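Bear in mind these aren't lab numbers, they're just calculated from the coordinates by the rules spelled out. Just so it is clear, the model here is predicted, and its values are computed rather than measured. Neighbour counts run over all protein chains shown; Cβ positions are idealised from the backbone, glycine included.
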Amino acid sequence: MHRLKSGNPITGPIFATSVRSAECPNGTPLSLHNVVNRQILPTLDRCSHCGLSEGIPHLKAKECPGYERDQRIPEWQGFHAARRGLGSNLYRLGVHELVIQKILRHSNVSTTTSYYIKSTASDVTEAMQKFAENLEGQKHRDSDGTSKQDSGATPELVN
């Protein structure tokens with residue numbers, strides 16, 4: 001959709017400015033520094049009282065007692081953190097590692113799994129709770145499918 005909205009260019013930057021020149025008819029590459037300052041930071045730096053971004057919009061608000069950053073909104077940590085967050089959240093939603101690799105444009109899936117998919121403490125806790133529920137719901141069986149004698153091991157004794 002982005003490519004079609006951009007006039008379906010064959011060459012040039014994927015995300016370009018609207019300024020066109022003879023060398024780059026599709027525009028110059030978009031400055032990520034400008035994207036951070038014009039789009040990302042104003043979205044994240046919101047007042048906890050009025051919800052407006054810091055700066056001129058907030059200064060024009062007469063009913064707000066004063067700017068105080070909303071601590072519920074995370075602070076910007078950079079594009080690498082954004083990519084790592086995207087990879088981790090996609091994985092948490094059940095997206096396969098190979099698909100995440102393609103989205104992040106990595107040449108090797110091991111880069112994706114090693115550096116861009118991170119687990120959180122809540123992920124680990126939830127996984128162990130599922131494991132415990134699975135153990136409680138199963139009958140203990142030997143590899144041949146017959147019932148196994150109780151070993152006396154309890155979850156408290158297992159390290």
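General observations
- Pairwise FRET efficiency - residue 95 versus residue 14, Cβ, R0 = 30 Å, nearest 0.05: 0.85
- The slack in the chain from residue 53 to residue 34, taken as 0.36 nm per residue of separation less the alpha-carbon distance, amounts to 5.2 nm.
- In a fully extended conformation the segment linking residue 128 and residue 43 would gain 27.0 nm over its present Cα-Cα distance, using 0.36 nm per residue.
- When the Cα gyration tensor is reduced to axis lengths a ≥ b ≥ c, the ratio a/c is 1.5 or higher for region 1-141, and with a/b not above b/c it is classed as oblate.
- Distance between modelled label sites at residue 63 and residue 80, nm, 7 Å Cα→Cβ extension: 4.4 nm
- Relative intensity, log₁₀ I(q)/I(0), of region 77-138 from a Debye sum that treats every alpha carbon as a point, q = 0.22, 0.24 Å⁻¹: -0.85, -0.94
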